[in-house]
Amino acid sequence: MKRYILLAAMTAVLGTQAFASLTLLTSRAQISATADLGLGQYGANFANVASGSVGTTTGLDVFQVKISHTGDLQRLDQGNGWGGTYNNGEELLFTNFLPGPVNFKMAKSATAVGMDVQRNFYFTTYTVSLEAFDGLGVSKGVVSTVVNGPSIGFIGARSDDNDILSYDLTITGNDGFSDDFSFDHVSIECCNPVPEPASMVVLGSAGLLALRRRRKS
C-alpha cells in the first residue's frame, strides 16, 4: 500500500513539473538578474554571426548560451547599422532579413529570461512571442506581447519551476512586411535548486528501488 502512495505522490510532483505555469514579463525590472548575455562578444558592428555561436554570460552566474537561427545573424549597433529606437550605441543581434525563430539554449536552467526586441519594420504593430522549454525539450508554453511601433518591446518569461533551459523568440505581423527583427542583451535570473523533470524521474526510481529493498528485507 505504501508503494502505491509513493507512486501517486511522485506522479503528482512530475505532473506539476510538466504543466507548471509560464508567466509573461513585460519589463526588465521584473527580472532579478544574476546573469546578463551581452551581444558585443558575438562580433564587431556589421559582423556576420554564424548560427550556433556561443557566448558567455557575466554576473553572479557565468555560463554559456548558444544562439541558433535558420541563417547567419548580424551584429549591429543602434544608430550605426540599426535605425530603430533602442538606446544609442546598444549592441544588437539582427536576424539578417530572415524571420524567426531565434533559439537560445543555455548551459544551465533559469527562473526567468527576457530582452528588448524590435521588428525591422518597427513603425508597425506586431506581436512578439517567446516559447520556453525545459531540460527534456518539453514546451512550457508560449507568452506573447503586442508592440506598437516605433517603440521597442520587452518580452520575458518566468517559470514557477525554475527550469527554462531553452527558448524560441519570434515576431509576427499582419501587414505583409517581413518579420525579421533585432534584440538586445538578455537578462537571466538563475536558479533555485529545483530538480529538472529528468532528475526527478531518476530520483523517483531510486526511491522505489530503496522501498522495494526495504520490503524484501
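Remark: the range 22-193 carries a charge dipole of roughly 100 debye about the Cα centre, counting +1 on each Lys and Arg Cβ and -1 on each Asp and Glu Cβ. Start at zero, step by 5 Å, and the Cα-Cα distances of the range 22-193 spread as 2, 9, 19, 23, 22, 15, 7, 2, 0, 0 percent across the bins. Once you sort the root eigenvalues of the Cα gyration tensor of the range 82-167 as a ≥ b ≥ c, which label holds: rounded (a/c under 1.5), prolate (a/b larger than b/c) or oblate (the other case)? Verdict is prolate for the range 82-167. Applying the Karplus relation 6.51 cos²θ - 1.76 cosθ + 1.60 with θ = phi - 60° to the range 130-140 yields 3J(HN,Hα) values of 10, 10, 9, 10, 8, x, 8, x, 8, 5, 8 Hz, where x marks Gly and Pro.
Where a number appears in this text, it was derived from the coordinates with a stated rule and is not lab data. All values reported here derive from a predicted model rather than from experimental measurement. Reconstructed Cβ throughout: ideal geometry from the backbone, glycine too, with neighbour counts over all protein chains shown.
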